[in-house]
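The values are calculated or read from the model by the stated rules, or taken from the named source; none is laboratory data. Not measured: the values here are computed from a predicted model. Note: ideal-geometry Cβ built from the backbone for every residue, glycine included; neighbour counts use all protein chains shown.
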Amino acid sequence: MKMSIGTRILVGYGVALLVTGAVGVVVYRGMSEVVATADWVTHSHKVKEAITEVRSALKDAETGQRGFLLTGEERYLEPYNAGVEAVDGDIQDLRELTADNSSQQKLTARLRPVVASKLAELAETIAMRKQGNERAALEIVRSDRGKKAMEEARRIMAQMTADEDELVKQRDRAAKATAGFVRATMIFGALLILVLVSTAGIVIQRSITIPLAAFIQFAGHVGEGDLTQQVKTSGGDELGKLGEHLNRMVEGLKQVAGQTRLTTGNLNSSAAEILASTQQQAAGTSEQSAAILQTTSTMEEVTRSGVQISERARQVASSAEATSAASLSGLQAVENTARNMESIRDQAEAVAENVVALSEKTQAIGDIISTVNDLAEQSHLLSLNAAIEAAAAGEHGRTFSVIAGEVKNLADQSRDATVQVRAILSDIQKGINTSVMLTEEAVKRVDSGKQQADMADRVIREMTEGIQQSVQAFQQIVAAANQQQVGFSQVMQAVREIGQASLQTAASTSQLEKEAVNLTVLGQQLRQSVERYRI
Amino acid sequence: MKRTHIDWAQVHNRLRSSEGALEEALTASPARIDAAYRERAARLAKGRAEQTPCAGALTVMVFRLGPERYAIEIEEVAEAVRLEHCTPVPGTPTLFAGVINLRGELLAVLDLARLLALPEGVGGESDFVLVLRRRRQTIGLKVDRIEGLSEIRPEDLSQPSQGKYVKGLAPGTLMLLSVDSVLAEVVSKERV
């Protein structure tokens, strides 16, 4: 059963408290009974005392009566008077005291007439004695009337005393029984409380001290820097929560230590870098001072050269204007070139047409030549047959054979001529082909030339624009150079101020270097203190 | 591309001169005709002097079969004609190329290149047929090209070492064929 420690303590001590309360109530009531019984005993003693008072008052009255009767002297009546005077009050007291007891009331009621008759007998005798009638008085005494009344009164009172004694005895027994019960209750209650309190104490002590010891040991480990452990948590009571919080705390501490270690590493490297940077800065500052001196002299040179630049820019602007005008005429020439190129192309195409027509004419010549060749072949064959016929004619055909040979020669010449013409025609055709190809090439080149002329046109236009922009730019350069002169003087002033600032920077850099050394030392100390933790 | 520029004046001159030359060549002027005649007469006189007939010389018809030059005696030849519309005849020996129509009569044409066992392809451009002068049979020899007439002196002829159709060898690697042995071979082949 999981209870919080506070609940456990409350339950343990609450049970003990309840038992204690019960025991207290029992004891209180027993004690009250005992005290009440004691009061009643006292009351009984008071009743007995009151009875004794009545009895002694009666005795005083009888004693005074007897003395007066014997002596006749008034002074012996004093006890009688005191007794008579007291007896009524005493009986009244007795009746009041025994108001709770009916038997005693009855006895008291019986006593009252007996006492009255006794007192009447006494008063009668005393009155007779005063009258001097001693004898009558004695006679009354001797009648034992008084004596009986007295004995009766004694008996009643003795009865009352005995009753009271009996009551005292009863009450005494009751008081003793109650006292024994109270004692037993006190003893057992005390034992029970002892057991409960000790059990609760042990249980609570164990449930607190054992985890607490683990926590103490754990805290000791943490204190020694061991963050690798986790404490065991048991249950959801305060210690369990304490354990969880401790674990979370150690986890947080672990993160903090890890981050701190990481940060310290970064810090150390950063500090080293800062130190290095600071040293570089110190070196750089001295270089800067030297550079500023150089810059100052350079700026003076730049100022002088700026004047030259301004002059040169002015010259360049004027020459660029001249170039712009020249480029316009160049543009005109390029346009003419393009037009000429187009007309050249037209003419070259016409040449190609003519050459093709020539080629067709050549073909016609070839046809004629093949006809001539055919004729020559037939003539040749004819001459052969003529020679055969001449040979067949024998001696008569000899002259004819000469003519046949001549015809053959003519035919051969014709054939040779046609062969030559064929060769020439072939050359002509080749020449025509070459011419057409060359013309085609020329047309292509002219096209290319036209494109180049167009390109040149564009280029010159762009160039002209560029030159005009250059003119504007150089004019701006001249203006800017003037402004530059003003700017250079401002720059000179600024460089001097930079020189002063670099002196200040050198001073602060040395200070920064010292601080960086301190920072490095601090970082190392921090690393040592963080490395105490194992994570 | 020529580096030097063309001289247009020279070009015009050349054109004019060639035009004039052509005009002159095409015009049949009397001077030209006269010159041509004189040249031809001189050449004829020269030929006559060279062609002095020597006694006993053989007049032969020279023709070509492929690269080879052959000749037959002129008396054996009746006519030379073009080989046109040669029709192969089924069932004839392969030596016969076919028949042609010669002025209404059929003429058998002998494939001389095949008979002489010349390499295949030779005779593919045969253009002419030599018609042989025989009484019993008319037959033609298929030849590539006819060169013309020539005369062989008998002392120039040498006997061939081999070849049954060659009658003799003349200068200029000219082989004189024996028409009789050729025809005999044809007849023997026909019988087979």
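Report the residue count in the stretch B:80-98 for those that are outside any loop (DSSP other than H, G, I, E, B) and in contact (Cβ under 8 Å) with a residue 60 or more places away in the chain. Break it down stepwise before answering.
In the first step, residues of the stretch B:80-98 are kept if they are outside any loop (DSSP other than H, G, I, E, B); the result is B:80-82, B:87, B:96-98.
Subsequent filtering for residues that are in contact (Cβ under 8 Å) with a residue 60 or more places away in the chain retains B:80.
Selection size over the stretch B:80-98: 1.
What is the residue count in the stretch A:155-192 for residues that are of a type in the set (Phe, Trp, Tyr) and loosely packed, with under 14 Cβ neighbours inside 10 Å?
The first filter runs over the stretch A:155-192 and keeps only residues of a type in the set (Phe, Trp, Tyr), leaving A:181, A:188.
Checking which are loosely packed, with under 14 Cβ neighbours inside 10 Å leaves us with A:188.
Within the stretch A:155-192, residues that are of a type in the set (Phe, Trp, Tyr) and loosely packed, with under 14 Cβ neighbours inside 10 Å number 1.
Output the number of residues of the stretch A:456-499 satisfying the condition of being over 60 Å from the mean Cα position of the chain (by Cα) and touching a residue at least 24 places away in the same chain (Cβ under 8 Å). Spell out the reasoning first.
The initial filter retains those residues of the stretch A:456-499 that are over 60 Å from the mean Cα position of the chain (by Cα), namely A:456-479, A:481-482, A:485.
Next, only the ones that are touching a residue at least 24 places away in the same chain (Cβ under 8 Å) stay: A:456-457, A:460-461, A:463-464, A:467-468, A:470-471, A:474-475, A:477-478, A:481-482, A:485.
Number of matching residues: 17.
Per-residue answers, yes or no, for (1) of a type in the set (A, V, I, L, M, F, W, C); (2) modelled with pLDDT of 80 or more; (3) farther than 20 Å from B:Val186 by Cβ:
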{"position": "B:Ala78", "(1), (2), (3)": "yes, yes, no"}
{"position": "B:Ala97", "(1), (2), (3)": "yes, yes, no"}
{"position": "B:Ile100", "(1), (2), (3)": "yes, yes, no"}
{"position": "B:Leu106", "(1), (2), (3)": "yes, yes, no"}
{"position": "B:Val109", "(1), (2), (3)": "yes, yes, no"}
{"position": "B:Pro119", "(1), (2), (3)": "no, no, yes"}
{"position": "B:Phe128", "(1), (2), (3)": "yes, yes, no"}
{"position": "B:Arg136", "(1), (2), (3)": "no, no, no"}
{"position": "B:Leu157", "(1), (2), (3)": "yes, yes, yes"}
query = Within the stretch A:209-228, is even one residue of a type in the set (Ser, Thr, Tyr), over 22 Å from A:Arg8 (Cα atoms) and loosely packed, with under 13 Cβ neighbours inside 10 Å?
reply = yes
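How many of the residues making up the stretch A:112-162 are acidic (Asp, Glu), in a helix (DSSP H, G or I) and more than 23 Å from A:Ala86 (Cβ to Cβ)?
Taking the stretch A:112-162 as the starting set, the residues that turn out to be acidic (Asp, Glu) are A:121, A:124, A:134, A:139, A:144, A:151-152.
Checking which are in a helix (DSSP H, G or I) leaves us with A:121, A:124, A:134, A:139, A:151-152.
From what's left, more than 23 Å from A:Ala86 (Cβ to Cβ): A:134, A:139.
So the answer is 2.
Residue check: is A:Ala61 of a type outside the set (Lys, Arg), in contact (Cβ under 8 Å) with a residue 60 or more places away in the chain and in contact with a Pro (Cβ under 8 Å, 6 or more places away or on another chain)?
Details: of a type outside the set (Lys, Arg): yes; in contact (Cβ under 8 Å) with a residue 60 or more places away in the chain: yes; in contact with a Pro (Cβ under 8 Å, 6 or more places away or on another chain): yes.
Considered against the rule, which asks whether it is of a type outside the set (Lys, Arg), in contact (Cβ under 8 Å) with a residue 60 or more places away in the chain and in contact with a Pro (Cβ under 8 Å, 6 or more places away or on another chain), A:Ala61 comes out as yes.
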request  = Filter the stretch B:86-97 down to residues that are crowded, with 16+ Cβ neighbours inside 10 Å, farther than 19 Å from B:Arg136 by Cα and not aliphatic (A, V, I, L, M), then give me how many there are.
outcome  = 1
inquiry  = Among the numbered criteria (1) at pLDDT below 85; (2) farther than 29 Å from A:Leu384 by Cβ, which one does B:Thr52 miss?
reply    = (2)
ask   = How many of the residues making up the stretch A:74-115 are of a type in the set (Gly, Ala, Ser) and over 15 Å from A:Gln159 (Cα atoms)?
value = 5
request  = Hey, can you tell me all the residues within the stretch A:411-437 that are surrounded by 15 or more Cβ atoms within 10 Å (Cβ to Cβ) and hydrophobic (A, V, I, L, M, F, W, C)?
outcome  = A:Ala411, A:Val421, A:Leu425, A:Ile428, A:Ile432, A:Val436
note = Residues of the stretch A:134-154 being surrounded by 14 or more Cβ atoms within 10 Å (Cβ to Cβ) and free of Cβ contacts under 8 Å to residues at least 12 places away in the same chain, in sequence order, are A:Ala136, A:Lys147, A:Lys148
remark   = Considering the stretch A:360-385, residues that are facing chain B (nearest Cβ under 10 Å) and more than 15 Å from B:Glu75 (Cβ to Cβ), and then whichever is surrounded by the fewest Cβ atoms within 10 Å (Cβ to Cβ), we arrive at A:Gln378
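Farther than 30 Å from A:Thr185 by Cβ, surrounded by fewer than 18 Cβ atoms within 10 Å (Cβ to Cβ) and in contact (Cβ under 8 Å) with a residue 40 or more places away in the chain: which single residue out of A:Gly67, A:Gly72 fits that description?
Values: A:Gly67 fails: in contact (Cβ under 8 Å) with a residue 40 or more places away in the chain.
Being farther than 30 Å from A:Thr185 by Cβ, surrounded by fewer than 18 Cβ atoms within 10 Å (Cβ to Cβ) and in contact (Cβ under 8 Å) with a residue 40 or more places away in the chain holds for just one of A:Gly67, A:Gly72, which is A:Gly72.
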ask   = Which one of the conditions (1) within 30 Å of A:Glu462 (Cα to Cα); (2) within 14 Å of chain B (Cβ to nearest Cβ) does A:Glu321 fail to meet, given that it meets all the rest?
value = (2)
ask   = Within the set of pairs 6+ apart or on separate chains, which have a first residue in the stretch A:236-254 that is within 20 Å of A:Ile535 (Cβ to Cβ), a second that is modelled with pLDDT under 85 and of a type in the set (Ser, Thr, Tyr), and C-beta atoms under 8 Å apart?
value = A:Gly243/A:Thr233; A:Gly243/A:Ser234; A:Glu244/A:Thr233; A:Asn247/A:Thr233; A:Leu253/A:Tyr533; A:Lys254/A:Tyr533
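Residues B:Arg114, B:Arg64, B:Arg69: which one is of a type in the set (Lys, Arg), away from chain A (no Cβ under 14 Å), under 21 Å from the mean Cα position of the chain (by Cα) and assigned to a strand (DSSP E or B)?
On the way: B:Arg114 fails: assigned to a strand (DSSP E or B); B:Arg64 fails: away from chain A (no Cβ under 14 Å).
Sole residue among the options that is of a type in the set (Lys, Arg), away from chain A (no Cβ under 14 Å), under 21 Å from the mean Cα position of the chain (by Cα) and assigned to a strand (DSSP E or B): B:Arg69.
Going by what's in this entry, would A:Asn354 be described as under 30 Å from B:Ser150 (Cβ atoms), within 14 Å of another protein chain (Cβ to nearest Cβ) and in a helix (DSSP H, G or I)? I'd like the intermediate steps shown before the answer.
Numbers: under 30 Å from B:Ser150 (Cβ atoms): no; within 14 Å of another protein chain (Cβ to nearest Cβ): yes; in a helix (DSSP H, G or I): yes.
Considered against the rule, which asks whether it is under 30 Å from B:Ser150 (Cβ atoms), within 14 Å of another protein chain (Cβ to nearest Cβ) and in a helix (DSSP H, G or I), A:Asn354 comes out as no.
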inquiry  = So, in the stretch A:30-51, exactly how many residues are of a type outside the set (Gly, Ala, Ser), in contact with a helix residue (DSSP H, G or I) (Cβ under 6 Å, 6 or more places away or on another chain) and farther than 14 Å from A:Ala162 by Cα?
reply    = 4
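Please tell me if A:Val478 is at pLDDT below 90, surrounded by 15 or more Cβ atoms within 10 Å (Cβ to Cβ) and in contact with a Lys or Arg (Cβ under 9 Å, 6 or more places away or on another chain). Break it down into steps so the answer makes sense when it comes.
Details: at pLDDT below 90: yes; surrounded by 15 or more Cβ atoms within 10 Å (Cβ to Cβ): yes; in contact with a Lys or Arg (Cβ under 9 Å, 6 or more places away or on another chain): yes.
Criteria met by A:Val478.
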task = Out of A:Asp457, A:Asp447, report the one residue that is away from every other protein chain (no Cβ under 14 Å) and either in contact with an Asp or Glu (Cβ under 8 Å, 6 or more places away or on another chain) or on the phi > 0 side of the Ramachandran plot (or both).
result = A:Asp457
task = Mind listing just one residue for me: the one in the stretch B:28-46 that is modelled with pLDDT of 80 or more and not aliphatic (A, V, I, L, M) and, of those, farthest from A:Asn409 (Cα to Cα)?
result = B:Pro30
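For the stretch B:74-85, give me each residue that is more than 9 Å from chain A (Cβ to nearest Cβ) and surrounded by 17 or more Cβ atoms within 10 Å (Cβ to Cβ).
To start, the set of residues in the stretch B:74-85 that are more than 9 Å from chain A (Cβ to nearest Cβ) comprises B:76, B:83-85.
If the condition is that a residue be more than 9 Å from chain A (Cβ to nearest Cβ) and surrounded by 17 or more Cβ atoms within 10 Å (Cβ to Cβ), then B:Glu76, B:Leu83 are the ones that fit.
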request  = Return yes or no: is A:Leu425 touching a residue at least 60 places away in the same chain (Cβ under 8 Å), more than 10 Å from chain B (Cβ to nearest Cβ) and part of a helix (DSSP H, G or I)?
outcome  = yes
